[in-house]
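The values are calculated or read from the model by the stated rules, or taken from the named source; none is laboratory data. Bear in mind the structure is a predicted one, so any value in this text is a computation, not a measurement. Positions of Cβ are backbone-derived with ideal geometry, glycine not excepted, and every protein chain shown enters the neighbour counts. Just so you know, the surface numbers come from the protein's heavy atoms only, side chains and all, with ligands and any DNA or RNA stripped out. Shrake-Rupley method; radii C 1.70, N 1.55, O 1.52, S 1.80 Å.
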Amino acid sequence: MHDMDFDHEHAQMTEADRAALARAIWEQETVELTTVGIDIGSSTSHLLFARVILQRQTQGLSSRFIVIDRHVVWRSPIRLTPFLPDGTIDAEALRVFIVNAYKEAGYKPDDIDSGAVILTGEAIKKKNARAIDEIFATEAGKFVCATAGHKLECTLAAHGSGAVALSRQRQSAILHVDVGGGTTKLALIDKGVIIGVMALRSAAGSSLRMRTAHGLASTILPR
């Protein structure tokens, strides 16, 4: 009898009711976040906004969420990282760049659920990190600030350029070479797995930086 009552009630639901019920279930199991990622490097900096969808794992009413979808909403132009004459990052110029990026994208700080600031190269030096920290001090609860050492830079560049995916697709070995403003990073990839990384502080990187469009060159060398 209970089953029959349920079926009867379910049959009386309108399309709007069913849509509302589906949405309620979705909201219980799914989280949608507006995020911002800011990359501050030796030679260039840029920013992007993205929508990220997280979904609760189904096993045993788990409290762990996994990313099931993400898409970039807006990208800033790549700009030269501003430095003062003494070699310190110009935090005020960087702040203005970030504020203008928010305005152009149509976002306010309160619209952002979470964000990450990645510092690489010269930006990870103590005096520069301190200046950058001051920019995001009021947003401390929302932002994760990470310094990427040379090994992590190698890994990020290899994944970001698509070299890891290409190696996996071809089932081959690839040497990824990332020439930046202060260092050149190498990553050896075999069948989609990074098996070795190395960073060189090279003057050649600085001279090449002046001749590239965005201050960064990335090359994939197949075996």
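Numbers below:
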quantity: Estimated FRET transfer efficiency (Met198, Glu29; beta-carbon r; R0 35 Å; 0.05); calculated: 0.20
quantity: Length added when fully stretched, Asp110-Gln57, from 0.36 nm per residue minus Cα-Cα; calculated: 16.2 nm
quantity: Solvent exposure ordering (accessible area, 1.4 Å, most first) of Lys151, Lys108, Lys127; calculated: Lys151, Lys108, Lys127
quantity: Net charge contributed by nearby residues that have their C-beta within less than 14 Å of Arg51 (K/R +1, D/E -1); calculated: -2
quantity: Cβ-based net charge around Ile68, under 11 Å, with every Lys or Arg adding one and every Asp or Glu removing one; calculated: -1
quantity: Largest-first ordering by accessible area, 1.4 Å probe, given options Arg18, Arg56, Arg168; calculated: Arg168, Arg18, Arg56
quantity: Accessible-area order (highest first, 1.4 angstrom probe) of the listed residues Tyr102, Tyr107; calculated: Tyr107, Tyr102
quantity: Added length on full extension, which subtracts the Cα-Cα distance from 0.36 nm per residue, Arg168 to Leu84; calculated: 26.0 nm
quantity: Distance violations [Cα-Cα > 27 Å] among Lys151/Lys191; Lys125/Lys185; Lys127/Lys151; Lys108/Lys151; Lys103/Lys142; Lys142/Lys185; calculated: Lys108/Lys151; Lys142/Lys185
quantity: Rounded percent of accessible protein surface that carbon and sulfur make up, segment 73-159, 1.4 Å probe; calculated: 57 percent
quantity: Net lengthening on full extension, Asn100/Lys151 (0.36 nm per residue, minus Cα-Cα); calculated: 15.2 nm
